[in-house]
1. Once you keep just the Cα pairs under 8 angstrom separated by 6 or more residues, what percentage relative contact order results for the stretch B:98-268?
2. Separation of the stretch B:5-41 and the stretch B:83-111 by C-alpha centroid, Å?
3. Taking a ≥ b ≥ c as the square roots of the Cα gyration tensor eigenvalues, with a/c under 1.5 meaning rounded and otherwise prolate when a/b beats b/c, else oblate, which class fits the stretch B:35-88?
4. So how many Å³ per residue does the convex hull of the Cα atoms of the stretch A:382-448 work out to?
5. Within 10 Å of each residue's Cβ, count the other Cβ atoms and sort B:191, A:376, A:84 from fewest upward.
6. What does the average come to when, for each residue of peptide B:135-141, you count the partner chain Cβ atoms lying within 10 Å of its Cβ?
7. Taking the 0 to 90 degree range and rounding to the nearest ten, how far is the long axis of helix B:56-65 tilted relative to the main principal axis of chain B, both from C-alpha atoms?
8. Calculate the mean, over all residues of peptide A:346-358, of how many other protein chain Cβ atoms lie within 10 angstrom of the residue's Cβ.
């Protein structure tokens with residue numbers, strides 16, 4: 001199916017239609033092995049680190065907590081538990097700066113000096129002895145969310161709705177955002193845990209076929225996973241063409257299966273379950289080592305970072321400490337982003353904590369963020385050719401600036417997943433994706449009423 | 001001969017259809033009160049929705065059917081409302097005039113920015129980027145979406161980037177309430193003069209670093225005010241159903257977050273509150 005050459009990397013590669021190819025900049029950190037970040041003095045854990053309801057704290061101020069101990073329960077079905085990344089004392093439950101720019105409730109923990117990385121938690125009941133409901137609850141208790149960036153609670157996905165079946169399990173290792181290399185390093189260094197995680201999950205969902213999708217610029221990850229899965233668990237490692245946004249789940253499905261997920265539907269409607277590779281590794285780590293999700297691998301990179309690296313960071317560490325660990329930032333730094341340059345969230349300061357959805361810290365200099373002058377739309381149609389969803393960004397942008405929200409909805413504004421390819425290619429420098437985001441916000445608000 | 005047949009056929013058809021139309025007009029006639037048109041003409045045709053109806057026509061229908069009283073139309077002049085009431089022979093149903101009030105006083109002279117925002121010049125767009133560049137997450141972003149959306153030119157941005165509501169022109173239509181991404185505007189009866197001009201949920205003096213007129217949740221205003229003021233979520237909440245014609249609470253506020261809004265639109269602060277005389281911007285703090 002994927003050509004006849006031995007690794008499939010030299011053939012014509014599968015991909016979706018449209019999209020863009022920004023400069024990759026992955027060489028800054030893609031060969032740096034994952035380093036473990038030492039403990040810092042304080043950890044701030046926001047209660048909302050995922051999509052859904054915030055977690056409910058179950059500790060009090062002054063209470064002593066252990067590494068890996070649960071400090072907050074899931075607040076609803078679409079919500080997960082939260083665990084302490086360190087031995088220490090809860091010093092405050094208050095409002096703290098959140099990476100999304102808000103002030104939100106969180107738990108502050110002061111780490112014991114000389115605390116160790118040793119994990120003193122029991123190994124949970126093994127998935128082989130569980131039924132699906134127990135498994136789904138265990139995943140929620142382990143605080144596992146999608147580590148690709150959106151942080152959607154994983155257990156909700158794993159519970160396949162009635163009447164639907166999961167025929168294909170797809171693991172997303174595309175990492176199409178420029179600069180980021182954390183998923184790449186996870187696939188290379190945790191290949192065995194990843195395959196083990198697949199086996200655990202397959203015990204419950206029993207998909208006919210398991211794919212691991214990787215962009216072809218990570219040949220070592222492709223080889224590592226093929227090696228690790230040999231004689232262990234049958235998976236198909238699929239190299240995909242290097243193109244943005246290849247890692248969006250709808251684009252990945254279209255590349256591999258040649259099928260489109262209809263507007264307003266989910267991949268499971270096509271019988272596909274998509275999950276980030278890091279999430280599956282977290283699954284294995286929880287069931288085999290008893291380690292709930294309280295640390296994650298992230299990339300600290302950018303031209304203004306002295307020592308770009310891939311770091312294993314406890315959740316709740318302040319960005320400032322993480323950046324300091326990577327040699328600090330140079331004086332040329334002008335912009336800090338969480339995530340990649342295409343979809344990352346701009347930060348007002350470094351005093352926000354790492355959360356479960358933080359895939360990287362990117363620090364850019366003036367050279368990269370030079371603002372464009374904005375000119376009128378010249379109707380060149382480049383945004384139409386870039387849009388992976390075949391909607392019309394130029395028209396939507398215009399409607400948004402005129403405040404015509406109903407017309408935007410008729411033009412499928414709500415299908416846009418804000419990849420930013422349209423803004424990237426616009427020769428007139430029009431902030432298209434930002435206008436569309438404003439419109440989407442207005443449409444949703446008006447629907448609520 | 002042909003022409004006669006044609007004329008007769010067409011003539012017959014005309015008569016038949018005309019009869020059908022006459023019958024339909026009699027049988028299917030819907031009576032519409034002629035006063036609806038007249039009342040609609042007397043309304044201001046702003047179609048602003050302040051009365052709670054989709055536009056002036058539906059409001060006129062409601063007036064004629066007795067489901068609403070002319071006082072609901074805040075855009076009409078007093079004479080206009082009286083004229084409608086007299087015409088329909090109903091009471092005026094005088095409602096207290098409402099105006100839009102802003103729950104923020106953090107202009108550029110008192111509040112800092114933590115980042116410089118580049119992009120679409122709109123509050124809603126700026127709010128999507130980490131909540132905007134302002135140090136205080138709850139504060140006014142000052143790009144003037146409310147000024148743009150106001151159909152009555154009642155909102156102007158002052159020199160410190162804060163919207164100022166012209167009490168005369170404001171009709172309480174609620175467009176600014178809807179557009180503000182930080183939900184800072186609310187429609188208040190004009191007698192609600194004691195006003196908390198802050199929405200910051202933090203507590204402690206650290207707040208003042210971001211904005212000098214923020215509420216620090218010290219609770220002094222609530223201490224001896226009886227039930228008039230209670231602290232909820234680190235902010236004072238005024239119970240307007242009690243006697244609120246007192247200016248006392250503003251005298252106890254150390255930062256000037258509680259103010260007295262004069263009839264003429266002048267903001268009165270307590271004597272104890274810090275005076276802010278800075279005319280320039282406080283600028284940006286790089287962290």
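1. For the stretch B:98-268, the relative contact order is 23 percent.
2. 46 Å
3. Rounded, because the longest to shortest axis ratio a/c is under 1.5.
4. 67 Å³
5. A:376, B:191, A:84
6. 2
7. Tilt of helix B:56-65: around 70 degrees.
8. Per residue, the number of nearby Cβ atoms from other chains is 3 on average.
Read the figures in this text as sums done on the coordinates, not as results from a lab. Note that the coordinates shown come from a computational prediction; the quantities given were computed from them, not determined experimentally. Don't worry about glycine lacking a Cβ; one is built from the backbone with ideal geometry, like all the others, and counts go over all protein chains shown.
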